[in-house]
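Student: Supplied in C-alpha cells, the structure appears directly below.
The values are calculated or read from the model by the stated rules, or taken from the named source; none is laboratory data. Since this is a predicted model, take the numbers as computed values, not measurements. When we count neighbours, we look across all protein chains shown, and the Cβ atoms used for this are built from the backbone with ideal geometry, even at glycine. Just so you know, the surface numbers come from the protein's heavy atoms only, side chains and all, with ligands and any DNA or RNA stripped out. Shrake-Rupley method; radii C 1.70, N 1.55, O 1.52, S 1.80 Å.
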Amino acid sequence: DSASSAIDASGGFHFAYSGYGADETGHSRAYYAYCASGCDNQANWGIAAFGDKIGEVQLALTITGHPRMLLNGDDPDYNTLYQYAACDVSCTNSANWTLTPVTISTYTDVYMYDNPQHYFALDNQDRPRFLYRKSYSGDVYYVFCDANCNSDTSWYEFQLNEAIFSNPTLAF
C-alpha cells in the first residue's frame, strides 16, 4: 500500500511501501527495499521492515542517496501518528532505521489513502518537511525540522490556511 520509489545518483533503486494489514507476526509494518543493480533478479534486493500499525509511507532521498520516510498510522488511541524514519548505512537492515514520533492528528479522512500522497519532501538542505491536518476543525500545519531530526523535540509546526489543504503536494 502507498508505494513510493526513487532512484539515487548511482542508479540504485529505493522502494518503500506499507503492508496491507498485519504480517505473519501480527504487525502492519513499513517496508524499505533497495537494489543497487540487476534489479530484475530478486536476489539483488534487500528489504527492511519496521514500525507497527503503519498505513502509509512516503519516501525521499537525501542528496547523498540516504532514505528518509514519513510514516503515518494508528497510535494506541487510533489517532493518526506521524513518524519520521531515517537511515544512513545498511538500510536493508531494520535495526539501522530510527523512527521518531513527530505529531498526532485526530483527523481521519476515510478517503485518505485513495489519493496519491505527496505532502512530504526534503528541502535543498535535506531537511524534512510535511503538511497535515491536525483535526476536523480545519487546522492545517506545515511541519519541519532543521537539525537533530531523530529527536521529537526538534520538530516544529506552523499553522496554514485550511483552504490550501485539498490533496496537498509539497516540493522544493
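Student: Every residue in region 36-89 that is closer than 19 Å to residue 171 by Cα, among the hydroxyl-bearing types (Ser, Thr, Tyr) and buried (at least 17 other Cβ atoms within 10 Å of the Cβ), please.
Tutor: Matches in region 36-89: 82, 84.
Student: Just for region 140-172: of the residues that are touching a Lys or Arg at 6+ places or on another chain (Cβ under 7 Å), assigned to a loop (DSSP other than H, G, I, E, B) and open to solvent by less than 70 Å² (accessible area, probe 1.4 Å), which one is nearest to residue 74 (Cα to Cα)?
Tutor: Ranking the qualifying residues of region 140-172, first place goes to 165.
Student: Also: Take region 116-137 and flag every residue that is more than 27 Å from residue 63 (Cα to Cα), of a type outside the set (Gly, Ala, Ser) and either at pLDDT 90 or above or surrounded by fewer than 12 Cβ atoms within 10 Å (Cβ to Cβ) (or both).
Tutor: Across region 116-137, the qualifying residue is only 136.
Student: Would it be correct to say that residue 39 is in contact with a helix residue (DSSP H, G or I) (Cβ under 6 Å, 6 or more places away or on another chain), without any contact (Cβ under 8 Å) to a residue 40 or more places away in the chain and either among the small types (Gly, Ala, Ser) or farther than 25 Å from residue 132 by Cβ (or both)?
Tutor: no
Student: Here is a check on your reading of the model: is residue 100 open to solvent by less than 90 Å² (accessible area, probe 1.4 Å), touching an Asp or Glu at 6+ places or on another chain (Cβ under 7 Å), hydroxyl-bearing (Ser, Thr, Tyr) and at pLDDT 95 or above?
Tutor: yes
Student: Report every pair of residues separated by at least 6 positions or lying on different chains whose Cβ atoms are under 7 Å apart, first residue within region 124-151 and among the aromatic types (Phe, Trp, Tyr), second open to solvent by 40 Å² or more (accessible area, probe 1.4 Å) and not in a strand (DSSP E or B).
Tutor: Final answer for the pair search is 136/107; 141/134; 144/127.
Student: Here is a follow-up. Under 6 Å by Cβ, and 6 or more places apart or on different chains, what pairs join a residue from region 100-117 that is farther than 22 Å from residue 155 by Cβ with one that is at pLDDT below 90 and surrounded by fewer than 13 Cβ atoms within 10 Å (Cβ to Cβ)?
Tutor: 115/167
Student: For residues that are more than 21 Å from the chain's Cα centre (by Cα) and of a type outside the set (Gly, Ala, Ser), scanning just region 1-31, find the one that is surrounded by the fewest Cβ atoms within 10 Å (Cβ to Cβ).
Tutor: Here the residue is 24.
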